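Some notes on the structure that comes next.
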Amino acid sequence: MIEVNELTKRYGSTTAVKDLTFTVRPGQVTGFLGPNGAGKSTTLRMILGLHEPTSGTVTVDGRSFADRPRGLRHVGSLLDAHDVHGGRSAEAQLSALARSNRIPQRRVEEVLREVGLAEVARRRIGGFSLGMKQRLGIASALLGEPPVLLFDEPLNGLDPEGVKWVRDLFRRLAAEGRTVFVSSHLMSEMEHTADQLIVIGRGELIAAESLAEFSARGTRPSVTVGTPAAAVLRGLLTAEGAVVGTAGDLLAVTGATAVRIGEIAMEHRIPLHHLSTRSASLEEAFMELTADSVQYLAGDPT
């Protein structure tokens, strides 16, 4: 379990993280979301003791990570896939980590097989693609079989097969009762992977809740309707206070449920060829709820 309590980090006059409080629990995949510059990487580094908080506390299973002498046995992490010695082989990199953390050498071979790098174990890391480096970083995180795992943008550079593999891996680790905390900007993947979400903006907490709860806070669900009497149905729905737009040849309705639309159509003998409800996606909810927290806007000269 990761417990963050009123965590704040300032760099001079800039506040990167402000009064963050949240808990990441075992047995589930928790996504860590926020616009660029929101403070996600700074928060992860404070969890790992790489940055000292200005104020507040963060503990992993009740203790500061810095107090654990064999860190990889307690927390595995991937923060930057490029942060490795390019002149070493994958095997040598993992062996060095194993020795320094008193991890059996057999684990090196096991994790290399698990991440699909066994055949290139003795190749220099400098010749690896970004996707291969990501796999090596995941192997490093898994090396000590830790109960807590942190990943910062682990899907960058992976092909579709690799993305699916990582998704399945995270779910398996959570099913084993581990704490899995994943920062990512790929909303579609978080929608398929995460159980819980921690969402921040400009260093402050926006939400700490289930994925379903967060998505439900976004734009109201819409109902798409297909009918040859679109103009008539539009007038009836508008009179009830619904908002009616178009989606191709279909009506897009918010403010009225599919059941109510069906009732109105039946009362007025309007044939329906299509009727379906569409919930807001995670990406739509995220864009709406973090709109005021975006620091860097496309096309903004500043």
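The values are calculated or read from the model by the stated rules, or taken from the named source; none is laboratory data. Note that the structure is predicted; figures quoted are calculated from it, not measured. Positions of Cβ are backbone-derived with ideal geometry, glycine not excepted, and every protein chain shown enters the neighbour counts.
Overview of results
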quantity: Any hit, the range 25-34, residues being assigned to a strand (DSSP E or B), closer than 16 Å to Glu52 by Cβ and in contact (Cβ under 8 Å) with a residue 12 or more places away in the chain; calculated: no
quantity: Selection count where residues are in contact with a Pro (Cβ under 6 Å, 6 or more places away or on another chain) and either farther than 27 Å from Thr193 by Cα or among the polar types (S, T, N, Q) (or both), scope the range 1-51; calculated: 1
quantity: Selection within the range 16-30 - among the charged types (D, E, K, R) and surrounded by fewer than 19 Cβ atoms within 10 Å (Cβ to Cβ); calculated: Asp19, Arg25
quantity: Residue in the range 80-91 that is modelled with pLDDT under 95, closer than 28 Å to Ser215 by Cβ, assigned by TED's automatic domain parsing to the domain that holds Arg167 and within 19 Å of the chain's Cα centre (by Cα) present; calculated: no
quantity: Inter-residue pairs, beta-carbon under 6 Å, first part of a loop (DSSP other than H, G, I, E, B) and in the range 47-70, second modelled with pLDDT under 90, 6+ apart; calculated: Leu48/Phe65; Gly49/Phe65; Gly49/Ala66
quantity: Failed condition for Lys40, given (1) touching an Asp or Glu at 6+ places or on another chain (Cβ under 8 Å); (2) surrounded by fewer than 22 Cβ atoms within 10 Å (Cβ to Cβ); calculated: (2)
quantity: Within the range 164-182, tally of residues that are under 18 Å from Val111 (Cα atoms) and either over 13 Å from the mean Cα position of the chain (by Cα) or not aliphatic (A, V, I, L, M) (or both); calculated: 12
quantity: Yes/no for Pro69 being at pLDDT below 95 and more than 25 Å from Gly34 (Cβ to Cβ); calculated: yes
quantity: Helices (runs of 4 or more DSSP H) wholly inside the range 100-218 that include at least 2 residues being closer than 26 Å to Arg73 by Cα, touching a Pro at 6+ places or on another chain (Cβ under 9 Å) and at pLDDT 95 or above; calculated: 130-142, 160-175
quantity: The lone exception for Thr15 - which of (1) outside any strand (DSSP E or B); (2) touching a Lys or Arg at 6+ places or on another chain (Cβ under 8 Å) it fails; calculated: (1)
